[in-house]
């Protein structure tokens with residue numbers, strides 16, 4: 001399959017090229033970057049020298065039609081939507097890594113992101129969380145890969161909401177991300193002198209991923225969920241650790257909670273339930289498409305604590321995108337993604 005990487009000069013684009021290079025059924029047919037047009041990938045990013053033999057080209061969606069069969073769009077929200085629309089009009093299968101097609105309610109989208117760039121396509125994408133929507137992703141021509149924070153929070157808590165053993169409101173999600181989640185942004189907060197040995201919350205209860213978490217929690221529970229989402233920035237490069245606090249609706253032992261989690265992901269190749277007594281660690285998922293999950297029951301407080309860890313660039317972005325592409329094409333969902341985590 002001929003694949004285009006749209007917006008290839010960011011961290012997600014670089015990670016996607018690394019993954020597609022080893023994918024047995026995908027050929028990198030085009031890589032686009034407005035800023036680096038004309039440069040070879042190897043000259044721009046020495047880590048990919050001798051790995052990806054391609055040059056960046058300006059973005060021209062119409063010009064890609066006929067040259068590629070599928071595209072993964074690693075563009076910012078709002079920028080992505082019209083590009084996706086042009087590619088879909090030309091019959092190209094699209095896995096969108098932006099936020100433009102993740103939400104189901106257009107009013108909610110516009111409240112958080114502004115006017116939509118392709119209203120005619122709004123609501124037509126499949127939400128690309130394979131562990132929940134694999135059947136819908138199969139054969140889909142437009143898939144919206146979930147956000148990194150939502151992936152890390154939803155996978156550990158959705159089984160409990162579906163089982164009805166926790167209340168859908170209030171839910172508190174506390175998450176910590178490495179700085180690569182901000183992309184290759186030049187800003188004071190991401191300078192080494194500002195970021196190293198530092199830690200703080202940001203956009204408390206006001207982050208754009210909050211409505212996405214709330215949307216999927218509501219669907220799992222079968223009723224409206226209320227989520228307070230608090231993200232933090234860690235002095236690390238990769239990884240997200242998320243902790244969700246959910247109020248129990250019935251007595252539940254730790255063993256029963258683990259059984260719910262284990263059963264939910266028994267057939268999920270990229271979700272690993274950590275052993276009892278352990279909690280998910282960033283170092284155990286770095287560079288991989290794994291999401292490690294765990295849970296603890298606080299009987300005294302009547303709370304279930306659900307925990308998840310992912311690499312934000314892989315399972316939180318393009319690794320999950322490739323997993324969706326595999327499912328959409330009817331290939332094994334693990335194809336090209338069976339990389340072991342980077343340790344140490």
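The values are calculated or read from the model by the stated rules, or taken from the named source; none is laboratory data. Bear in mind the structure is a predicted one, so any value in this text is a computation, not a measurement. Here the Cβ positions follow ideal geometry from the backbone for every residue, glycine too, while neighbour counts run over all protein chains shown.
Please go through the stretch 150-188 and give me each residue that is more than 28 Å from residue 328 (Cβ to Cβ), more than 18 Å from the chain's Cα centre (by Cα), in contact (Cβ under 8 Å) with a residue 12 or more places away in the chain and part of a helix (DSSP H, G or I), ordered by number.
Matches in the stretch 150-188: 160, 163.
Quick one: how many residues across the stretch 143-168 are out of contact with any helix residue (DSSP H, G or I) (no Cβ under 6 Å at 6 or more places or on another chain) and surrounded by fewer than 24 Cβ atoms within 10 Å (Cβ to Cβ)?
Qualifying residue count for the region: 3.
Within the stretch 189-214, can you find the residues that are under 15 Å from residue 235 (Cβ atoms) and not in a strand (DSSP E or B)?
189, 190, 191, 192, 193, 194, 195, 196, 197, 198, 199, 202
Being in contact with a strand residue (DSSP E or B) (Cβ under 9 Å, 6 or more places away or on another chain) and either closer than 21 Å to residue 231 by Cβ or in contact (Cβ under 8 Å) with a residue 40 or more places away in the chain (or both) is true for just one of 330, 294, 287, 336. Which residue is that?
294
Taking residue 308 and the conditions (1) in a loop (DSSP other than H, G, I, E, B); (2) over 18 Å from residue 127 (Cα atoms); (3) touching a residue at least 12 places away in the same chain (Cβ under 8 Å), which numbered condition does it fall short on, given that it satisfies the others?
The number of the failed condition is (1).
Among the helices (runs of 4 or more DSSP H) lying completely within the stretch 50-149, list those that include at least 3 residues that are over 26 Å from residue 162 (Cα atoms) and assigned by TED's automatic domain parsing to the domain that holds residue 35.
The helices (runs of 4 or more DSSP H) meeting that bar are 61-64, 80-89, 106-113.
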